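S.K.: Pasting a structure below so you can have a look.
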Amino acid sequence: MAYKVFLDVNIIVDMLDPLRPFHGDAVSLFQHPDNGKLTAFYSESVITTVAYVIRKDFRKEEIHSIKAQEFNVLPTSK
């Protein structure tokens, strides 16, 4: 059975910040998206919100280098 999941801001920030309590769980989610059992999605607005939240802890270059290519971006509705 394949699952479709929507990744919100907290999951992505958890993955990026090793001090957050659910860091390990988030990392494991990002490490196994292509096993055929999980299709992960996030919205365009999640990307900008994550950049805003982590801007104090990451340099601008680091933020631009963060990629989650294995996930599907859902366009923001107009």
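S.K.: Can you list residue pairs whose Cβ atoms sit under 6 Å apart, with the first residue in the range 27-42 being at pLDDT 70 or above and the second being of a type in the set (A, V, I, L, M) and surrounded by 17 or more Cβ atoms within 10 Å (Cβ to Cβ)? Count only pairs 6 or more apart in sequence or on different chains.
M.R.: So the pair list comes out as 27/15; 30/15; 40/7; 42/7.
S.K.: Follow-up. Hey, could you check the range 6-24 for residues that are touching a helix residue (DSSP H, G or I) at 6+ places or on another chain (Cβ under 7 Å) and assigned to a helix (DSSP H, G or I) and say which is farthest from residue 63 (Cα to Cα)?
M.R.: Only one residue tops the list, namely 23.
The values are calculated or read from the model by the stated rules, or taken from the named source; none is laboratory data. Keep in mind that what you see is a predicted model, and the values were worked out from it rather than measured. All Cβ positions, even for glycine, are placed from backbone atoms using ideal geometry, and neighbour counts span all protein chains on display.
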